[in-house]
């Protein structure tokens, strides 16, 4: 039963993230202005991420099934609607609400993934994260294939599978946010934050740097490949290769976390990340230093 719940929740994560990369491929297909598209991506991604602590606090107090259901429904409907317009203001609001729905779903999903995987929390969360990343990896090929066959104006139909699954979850599933602990109030949270301010700030800065790099690749790798002259089937799939590699890394980390200390895993991850970026961004300088 525990494994079924972990699988069910992971599939929900797969579905919602399978919609979150739609705009990155749509900007290529619709030949949007790259600068305006970049502004939309920057503003909406920032808003979605900066709100997660607050949506996480709210979902922890609401609990039950509604946060997961509402987050999933809002995200998939908004992201599926982008193909219906080339108006930048409308696209901004569609992508913004997509990220807001995602910011409701993800803190709730992270909470539940550790709850349903009681005996192996690290592996459960890694599986939850991995399926979400695979869904994100497939989002650009899915949107590209569908709109190539049925035109972009019918993209809203893409929302149907995830909406049906969300309704199924609401009506039939027993998975919900529940905790034996009392909710942490903001005053208590502030005290806890001040005690761990330096390590939390350091982790925050690391995540900002890494996320900026990853989001940049996610958002513009298709545009880059298209400008290099690759076909639609190639530039639609470029991000999938990048993201699936990341998903496999998450799964490996979840299993290694049972035998390796988190701090050690963090060091290995950072060394590998900065090594790769030094070679990629500053190749001549990197090789001279080597």
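The values are calculated or read from the model by the stated rules, or taken from the named source; none is laboratory data. In this text, all values refer to a predicted model and were calculated from it rather than measured experimentally. Positions of Cβ are backbone-derived with ideal geometry, glycine not excepted, and every protein chain shown enters the neighbour counts.
Every residue, every condition in (1) touching a residue at least 60 places away in the same chain (Cβ under 8 Å); (2) closer than 20 Å to residue 177 by Cβ; (3) touching a helix residue (DSSP H, G or I) at 6+ places or on another chain (Cβ under 9 Å), yes or no:
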position	(1), (2), (3)
12	yes, yes, yes
25	yes, no, yes
44	no, no, yes
50	no, no, yes
84	yes, no, yes
102	yes, yes, yes
Within the stretch 216-270, restricting to residues that are touching a residue at least 60 places away in the same chain (Cβ under 8 Å) and outside any helix (DSSP H, G or I), the one that is nearest to residue 43 (Cα to Cα) is 236
From the option list 81, 110, single residue qualifying as surrounded by fewer than 24 Cβ atoms within 10 Å (Cβ to Cβ), at pLDDT below 80 and under 20 Å from residue 45 (Cβ atoms) is 110
Subset of the stretch 150-180, residues within 21 Å of residue 32 (Cβ to Cβ) and over 19 Å from the mean Cα position of the chain (by Cα), comes to 150, 151, 152, 153, 154, 155, 156
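Suppose the filter is closer than 30 Å to residue 28 by Cα, surrounded by 15 or more Cβ atoms within 10 Å (Cβ to Cβ) and modelled with pLDDT under 80; does residue 210 pass it? Walk me through how you get there before you give the answer.
Details: closer than 30 Å to residue 28 by Cα: yes; surrounded by 15 or more Cβ atoms within 10 Å (Cβ to Cβ): yes; modelled with pLDDT under 80: yes.
Spelling it out, residue 210 is indeed closer than 30 Å to residue 28 by Cα, surrounded by 15 or more Cβ atoms within 10 Å (Cβ to Cβ) and modelled with pLDDT under 80.
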query: Just wondering, is there one or more residues in the stretch 65-73 that are buried (at least 22 other Cβ atoms within 10 Å of the Cβ), within 20 Å of residue 157 (Cβ to Cβ) and out of contact with any strand residue (DSSP E or B) (no Cβ under 8 Å at 6 or more places or on another chain)?
result: yes
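Are any of the residues in the stretch 46-53 within 18 Å of the chain's Cα centre (by Cα), farther than 21 Å from residue 215 by Cα and surrounded by fewer than 21 Cβ atoms within 10 Å (Cβ to Cβ)? Break it down into steps so the answer makes sense when it comes.
As a first pass, look at the stretch 46-53 and keep what is within 18 Å of the chain's Cα centre (by Cα): 46-53.
Imposing the further condition that a residue be farther than 21 Å from residue 215 by Cα reduces the set to none.
Checked the stretch 46-53: no residue is within 18 Å of the chain's Cα centre (by Cα), farther than 21 Å from residue 215 by Cα and surrounded by fewer than 21 Cβ atoms within 10 Å (Cβ to Cβ).
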